[in-house]
Amino acid sequence: EIVSSDALNAIERGQIDMQVATAKKYPRSVKAFMTEAESMITMSQETAEGCNYKLKRKDSIQAGGVKIIGGPSIRLMEIAAASYTNMRYGSRIVAIDQDYVTAQGVAIDMQKNLAITVEVQRSIKGKFGRYSNDMIMVTCNAAGSIARRNALLGIIPRVYINQLAAVAKGFAIGDAKSLPERLQRAFAYFTTVLGVDIAKVLAYLEKPS
């Protein structure tokens, strides 16, 4: 059976109307949201460690300089979205050209009737030319994750996210006694699981040993 576009639009509108009505009937509780999100973040140290990211990037202002960028990761935003309730979000690839992939992220707060749409571009060219098909797919997945993260950051108030990020950071750091063990686990992950040469890891960290 072929369903017309008008019928599909009516079905979609009906689903949205039902979700909006449900959101109005069962409004979110900020206290319950924060409590649930914090409990999910602190379920394990690995979960907490994945809630924030920090990357080195070349400084466009200072020649030869390096700047550090960081913030809440897609993992943290997924936890926040699952706990925030009454919302829809997702991402899709809208374009793949010779140089870039473009991902579109959407987040909708059904309770407040607020929608955010963002687009993210990622290069698919390296020093050896255009990426392989497998690497293009990896880049598409990464662009989709970033697009979802950015869309969710436009919906869930940043004051809540900052507090959750601080909880994650504090739990991930742990106490001084566990630090040597966690350092060894981190090095093992990069060198054994990811296959990164230990000299490259040390060079990135700017440590001699």
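The values are calculated or read from the model by the stated rules, or taken from the named source; none is laboratory data. What you see is a predicted model, and the numbers here were worked out from it, not measured in a lab. Here Cβ is always computed from backbone atoms with ideal geometry, including for glycine, and neighbour counts include all displayed protein chains. These area figures cover heavy atoms from the full protein model, side chains too; ligands, DNA and RNA do not enter into them. Shrake-Rupley method; radii C 1.70, N 1.55, O 1.52, S 1.80 Å.
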For the range 43-110, with only Lys/Arg (+1) and Asp/Glu (-1) charged at the beta-carbon, what is the dipole magnitude about the Cα centre, in debye rounded to 20?
180
Taking a temperature of 20 °C and a viscosity of 1.002 mPa s, what whole-number D in µm²/s does Stokes-Einstein yield for the range 1-114 with Rh from Kirkwood over alpha carbon pairs?
120
Keeping all protein chains in place and using 1.4 angstrom, which order do Ser209, Ser29, Ser44 fall into by accessible surface area, from largest down?
Ser209, Ser29, Ser44
Neighbour cut-off at most 11 other Cβ (10 Å), DSSP loop, GluC sites (Glu not before Pro), the range 108-209
Glu206
Relative contact order, percent, the chain [alpha-carbon distance under 8 Å, six or more residues apart]
19
Which of Met40, Ile68, Tyr26, positive extreme of dipole for the chain (C-beta unit charges):
Ile68
Step by step: find N for the range 154-204, compute 2.2 N^0.38 Å, then divide the Cα radius of gyration by it. What's the final number?
1.58
Cα gyration tensor shape of the chain, rounded if a/c is under 1.5, else prolate or oblate by comparing a/b with b/c:
oblate
Evaluate the charge dipole of the chain about its Cα centre and quote only its size in Debye, nearest 20, assuming +1 on the Cβ of each Lys and Arg and -1 on the Cβ of each Asp and Glu.
620
Search the structure for amide H atoms under 5 Å from the amide H of Asn52, placed 1.01 Å from N in the peptide plane, and list their residues when 5 or more places away or on another chain.
Ser73
Could you order the peptides 76-89, 188-201, 155-168 from most to least packed, using the average number of other C-beta atoms within 10 Å per residue?
76-89, 155-168, 188-201
With charges set only on the Cβ (+1 for Lys and Arg, -1 for Asp and Glu), what does the dipole of the range 126-209 come to about its Cα centre, in debye to the nearest 20?
200
Value at 222 nm in deg cm²/dmol, rounded to 500, when DSSP H runs of n ≥ 4 in the chain each add -39,500 (n - 2.57):
-16000 deg cm²/dmol
Count, lysine Cα pairs under 20 Å in the chain, 8 or more residues apart or across chains
22
